[in-house]
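Asks: Quick one: the structure is below, and I'll ask about it shortly.
No lab work stands behind these numbers, since they all come straight from the coordinates. Owing to the predicted nature of the structure, the values given are computational and were not obtained by experimental measurement. Counting neighbours? That spans all protein chains shown, and the Cβs are built from the backbone with ideal geometry, glycine included.
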Amino acid sequence: MENGVSKKESVEQYIEKADDFAKKSYMDRIWRMDKEQIFHELMRVHGESSKLLFAAQMEIEHLRNLLDPEQDGDAIH
C-alpha cells in the first residue's frame with residue numbers, strides 16, 4: 001500500500017482517467033468536424049457496431065449448438 005492507496009486502486013484510477021481522456025479527446029475531435037466528416041465517422045461507427053453484433057450473434061448460435069447439438073436454430077419453442 002502506498003500513501004494509503006493500494007496498487008490495484010491506483011491502476012484502476014489510471015485506467016478510468018485514460019478512459020475519460022479518450023472520451024473527451026473523441027468528443028473534441030467530433031465537435032471540430034464538418035458535416036461530411038461527421039457522416040463518415042457515423043458510417044464507420046455503424047459498420048463497427050454491425051460487425052460486433054454479427055460476431056455476438058454467431059457466438060450465441062455456437063454456444064446454443066454446444067448446449068443442444070440436436071436443436072434446430074430456427075425452431076420456435
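Asks: Under a crude label model (7 Å from the Cα following the beta-carbon direction), how far is residue 49 from residue 15 in nanometres?
Replies: Placing both labels 7 Å along Cα→Cβ, they lie 2.5 nm apart.
Asks: Right, next: Got a sec? Which residues in the stretch 39-54 would a label at residue 61 touch, if it sits 7 Å along Cα→Cβ and we count backbone N under 14 Å?
Replies: 53-54
Asks: From the backbone phi of the stretch 38-50, what are the Karplus-calculated ³J(HN,Hα) couplings (6.51 cos²θ - 1.76 cosθ + 1.60, θ = phi - 60°) in whole Hz, Gly and Pro given as x?
Replies: Working through the residues one at a time gives 5, 4, 4, 5, 4, 5, 5, 5, 4, x, 5, 5, 4 Hz.
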